[in-house]
1. Of everything in segment B:379-413, what is out of contact with any strand residue (DSSP E or B) (no Cβ under 9 Å at 6 or more places or on another chain) and within 14 Å of chain A (Cβ to nearest Cβ)? Give them in sequence order.
2. Tell me which residues, restricted to segment B:176-187, are closer than 24 Å to B:LYS128 by Cα and either among the hydroxyl-bearing types (Ser, Thr, Tyr) or under 17 Å from the mean Cα position of the chain (by Cα) (or both).
3. What are the residue pairs meeting all of these: first residue in segment A:25-36, first residue at negative phi, second residue at pLDDT 95 or above and surrounded by fewer than 17 Cβ atoms within 10 Å (Cβ to Cβ), Cβ atoms under 6 Å, and 6 or more apart or on different chains?
4. I need a count of the residues in segment A:7-60 that are within 14 Å of chain B (Cβ to nearest Cβ), under 16 Å from the mean Cα position of the chain (by Cα) and of a type in the set (D, E, K, R).
5. Pick out the one residue from B:ALA361, B:ALA322 that is of a type in the set (Gly, Ala, Ser) and more than 23 Å from B:ASP282 (Cα to Cα).
6. Identify, please: which residue in segment B:16-37 is farther than 23 Å from B:GLU64 by Cα, in a helix (DSSP H, G or I) and in contact (Cβ under 8 Å) with a residue 12 or more places away in the chain and is, among those, nearest to the chain's Cα centre (by Cα)?
7. I want to confirm something. Restricting to segment A:49-66 and keeping residues that are touching a residue at least 40 places away in the same chain (Cβ under 8 Å) and crowded, with 21+ Cβ neighbours inside 10 Å, which single residue is farthest from A:GLU155 (Cα to Cα)?
8. Give segment A:62-81 a look and list any residue that's of a type in the set (A, V, I, L, M, F, W, C), in a helix (DSSP H, G or I) and either more than 14 Å from chain B (Cβ to nearest Cβ) or farther than 16 Å from A:LEU22 by Cβ (or both), or say none.
Amino acid sequence: MLEIKALRAGIEDKEILRGIDLVVPTGEVHAIMGPNGSGKSTLSYVLSGREGYEVTGGSATFDGHELLEMEPEERAAAGVFLAFQYPVELPGVNNANFLRTALNAQRRARGEAELDAVQFLKMARAEIKRLSMADDMLKRNVNVGFSGGEKKRNEVLQMAILRPKLAILDETDSGLDIDALKIVADGVNALRGPDFSAVVITHYQRLLDHIVPDRVHVLANGRIIRSGGPELALELEAQGYAAVVAEAA
Amino acid sequence: MNAVSQTSLQASAASFRARYEGLKERLGGDSIQRAEAADAFAHQGLPGPREEAWHYTALRPLTEVAFHEPVVLLSDCAAALAALPDLGMPRLVFVDGRFRADLSDAVTGATLRTGAPAFGPSVALGEKMVALNAMLAEDGAAITVAPGVDAGAVMLVSLGSDAHGVPVSFHPRHSVVLGAGARLTLVEVNGGTGVYFNNPVLVAEVAEDATLTHLRIQQEAAGAFHISTVLADVQARGTYDSFTLALGGRLSRVEVHAALLGEKAMAHLNAAQLLGGVQHSDFTTIVRHDAPATASRQTVKNVLTGRSKGVFQGKIEVARVAQKTDGYQMNQTLLLSGDAEIDSKPQLEIYADDVKCSHGATVGELDADQLFYLRSRGVPEAQARNILVRAFLSEALDPIEHEGARAAMEAAIAAWWERQA
């Protein structure tokens, strides 16, 4: 379970998150929607431990771990996965080696046996097939020369292989055509189950047609101003953020 | 330059000259050419920081050590030899600059001659360190490959030792002569223990359509000095394809002069310098395009930690006749510490009007976004940094076709990384 209490954070002297309270029970998928500049990406970076963000108050715990006190790699080993809005290119780093290194680092941190190259490739190829991705995905350098859609698919592939307990998807739908959107959604839906939870951050309702959330929260000005069921996303789509923000003010 | 270092350069040069005076009756080879070298060295001395080509590399630390002639040692060097990569190719082993037939293998496909060097036409005595070498050269490998023969690969090993009780210097003189269409891969490994000065010169003559691949691992002892010069002449459609990995020594300089003398001759002068502590390493290239449609490629990567200093000087000279020259030079540096320093000096002198020459230099730290991306996937910070350093080097390493040599370089880089941790 992810439990965020009165979380305040920002960059340098600028406060962006002004007291976030959010509980995502294990097994649930929650969507966070909000206008540009509301703090959606900041929330995802603070939860995954990116440098440069200062936490000024509150807490975030995941399955009993104090997330905010952990290094990014410790959070990953604890089961937290961030799907990046802008996946980073790693020239000179082979995708298969990258994934195996990451998986084995996590397994080592958890005291589990590492996978050898043969075991890894067998598993990775099976995931690629299941996600209907191209075989050469593993052979290429990480995200180098990938189209926007391929980069997002690669995030989903990583998620499928790393099997996180909590996935945070930071506007993974931005810039995707409908086919890529479905692949991303299928990737998340395939992991859904009693031990998996996700926070799906999105600007648009479109993705939520394919990943139907248990709860929807509206983030504006660094606070969650409204929460509801999946129907809230439809309401936002119909009325726009301005109306909801004005209503809450 | 202050008066003190001037004096120490002169004093050091005087001690090398005195060694020559004591040895000259015993040194074999062409005594006239050697006397010319001694004469040139007497006039020129050691290079000082006032000279443009040596502005970034001061020999002061070298001049503070008194180097002696190595005495003959018959140690079996078992540990040093066992530590060398086993690449399944014959080894020619030099200990303190002297050929050790008892530690070396027979070479097939090529003719090998060792002993006092024949200097050949490419004497280049105007180069001060080459003049020093020619004055004191006692031994070396002269490898000749007949036209049309693929001689496979040979490893040339230099081991420096501190078993003499005093620092020694050695000045081996090697040559590789490839006939038309011949091929050879020369894997050169320089290492040792203690304080010594290795000052080798390699003269390479690459005939028409021949290919010399020259892969070097400079992993000299931490207290050692290494100043080497390659003089490579490449004829029409010939290739001098080189990669130098420099990660050893206290003060080192690898200088390569490649002359592209025939149409479509080609030179690859790639390198990686990995430095830590107070190491100083210099990679200097001079490529002369002297014929039409010649090409040169240089990808030079530096990774610097601690208070180390790296130097890259790359000069491309294009003669008027060398139309359609294609010259490319890229120097990239990763600074892993705020106290490390890189001096990068590209120099293009172009007298032809239809050429394609480009050069670039970048200096940076590890990319914070890339580091976070790796860590967010569970890779610990130290390992993530290692992965990014290796990725940075891959552009220079990947083109090395000899898999065994490339693996040996990867292993040397991994060991270097371990030492920095």
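1. Passing the criteria: B:VAL379, B:PRO380, B:GLU381, B:ALA382, B:GLN383, B:ALA384, B:ARG385, B:ASN386, B:GLU410.
2. Within segment B:176-187, just B:VAL176 meets the criteria.
3. As it stands, the answer is A:GLU28/A:ASP214; A:VAL29/A:ASP214, since those pairs meet every condition given.
4. So the answer is 1.
5. Numbers: B:ALA361 fails: more than 23 Å from B:ASP282 (Cα to Cα).
Going through B:ALA361, B:ALA322 in turn, the sole match is B:ALA322.
6. So the residue we want is B:ALA37.
7. Pass one, segment A:49-66, residues touching a residue at least 40 places away in the same chain (Cβ under 8 Å): A:52-63.
With crowded, with 21+ Cβ neighbours inside 10 Å added as a condition, the list becomes A:60, A:62.
On the way: A:ALA60: 24, A:PHE62: 22 Å.
Here the answer is A:ALA60.
8. Step one: of segment A:62-81, the residues of a type in the set (A, V, I, L, M, F, W, C) are A:62, A:67-68, A:70, A:76-78, A:80-81.
Checking the rest, the ones that are also in a helix (DSSP H, G or I) come to A:67-68, A:76-77.
Result: A:LEU68, A:ALA76, A:ALA77.
The values are calculated or read from the model by the stated rules, or taken from the named source; none is laboratory data. Not measured: the values here are computed from a predicted model. Backbone-built Cβ (ideal geometry, glycine too); neighbour counts: all protein chains shown.
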